[in-house]
1. Looking at Val66, Val88, can you tell me which residue is β-branched (Val, Ile, Thr), touching a residue at least 12 places away in the same chain (Cβ under 8 Å) and closer than 19 Å to Leu135 by Cβ?
2. Would you pick out the residues in region 101-147 that are more than 21 Å from Asn41 (Cβ to Cβ), in contact with a helix residue (DSSP H, G or I) (Cβ under 6 Å, 6 or more places away or on another chain) and not in a helix (DSSP H, G or I)?
3. Condition first: modelled with pLDDT of 95 or more and among the aromatic types (Phe, Trp, Tyr). Now tell me which residues in region 168-204 satisfy that.
4. I'd like the full set of residues that are over 22 Å from Val131 (Cα atoms) and not in a helix (DSSP H, G or I), limited to region 38-62.
5. Kindly evaluate Thr132 against the criterion of being of a type in the set (Ser, Thr, Tyr) and in contact (Cβ under 8 Å) with a residue 24 or more places away in the chain.
6. Out of all the residues in region 97-119, is one or more within 24 Å of Val140 (Cβ to Cβ), out of contact with any strand residue (DSSP E or B) (no Cβ under 9 Å at 6 or more places or on another chain) and without any contact (Cβ under 8 Å) to a residue 24 or more places away in the chain?
7. Name the pairs: first residue in region 146-163 and surrounded by fewer than 16 Cβ atoms within 10 Å (Cβ to Cβ), second residue among the basic types (Lys, Arg) and part of a loop (DSSP other than H, G, I, E, B), Cβ to Cβ under 7 Å, at least 6 apart or on different chains?
8. In region 22-52, how many residues are surrounded by 15 or more Cβ atoms within 10 Å (Cβ to Cβ), in contact (Cβ under 8 Å) with a residue 24 or more places away in the chain and not polar (S, T, N, Q)?
Amino acid sequence: MIDKKRLIIAGFIACITACTGDFLTLFILGSKYPGYSQLFNTMSSLGASESPFSAFISLWWIILGVLIILFAFGFRAAFLPGNRYVNVAFWLLIIYGLGEGIGSGLFKADRVYDSMTISYVIHDILGGAGVTGILVLPLVVPKTEPFKFNPVFRKFSYVVLIVGTSFLVLFTFRFFGFEDNILGKYTGLWQRLFVLVYYIYIITIAFKMLRTTNKIHTQTLYKETT
């Protein structure tokens, strides 16, 4: 029980560190990159080889992935035994950590003569898998045992899904020749808003996860006194 409680607390801390650290790191370094725009440029370009912060950002994304994976283990520890959706949500978080975190850190979004490199393609594939994992998370978490009886959280999940998907669609406009369109050129803004919405969502889950440690503590005290 004590190990389980520690894992949950570690997962909670990992989630808060990952989400706040990611936004602060990208915002601070992006503001120090000459010619880089938080509104127009993607996060991936901040980690590309031509960026002055390339090595640091790549290292951070690997750390981010590890933190998200730790959060996933904390989530599973908090809500198992439960229904099968707990494990589904666990693996979606793992996919996000591996794809959008570790994968993005290991493979840079580099272009050569405006053409995509192999590293760029792998970066996009792994990042896309990670984004897909976290995108559908609001469809799964409300079906888990701890959350399915909470109507407020279910509504919150659907709002996150709708708003997050809308920002993701706006982000993809750049792939269809809308770079100069007022919607298509704000690539960096749409990407950051998408990430922000989902970070708020998993932080909310993390706080719910942390509350389960009170139950574990109560159960431990009960066993010790009987």
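The values are calculated or read from the model by the stated rules, or taken from the named source; none is laboratory data. In this text the structure is predicted, and so the values were computed from the model without any measurement. Backbone-built Cβ (ideal geometry, glycine too); neighbour counts: all protein chains shown.
1. Numbers: Val66 fails: closer than 19 Å to Leu135 by Cβ.
Criteria check complete, one pass: Val88.
2. Across region 101-147, the qualifying residues are Thr144, Pro146, Phe147.
3. Listed by number, the residues that qualify are Phe194, Tyr198, Tyr199, Tyr201.
4. Within region 38-62, Ser49, Glu50, Ser51, Pro52, Phe53 meet the criteria.
5. Details: of a type in the set (Ser, Thr, Tyr): yes; in contact (Cβ under 8 Å) with a residue 24 or more places away in the chain: yes.
Yes; evaluated as a whole, the condition is true for this residue.
6. No, that holds for no residue.
7. none
8. The total comes to 6.
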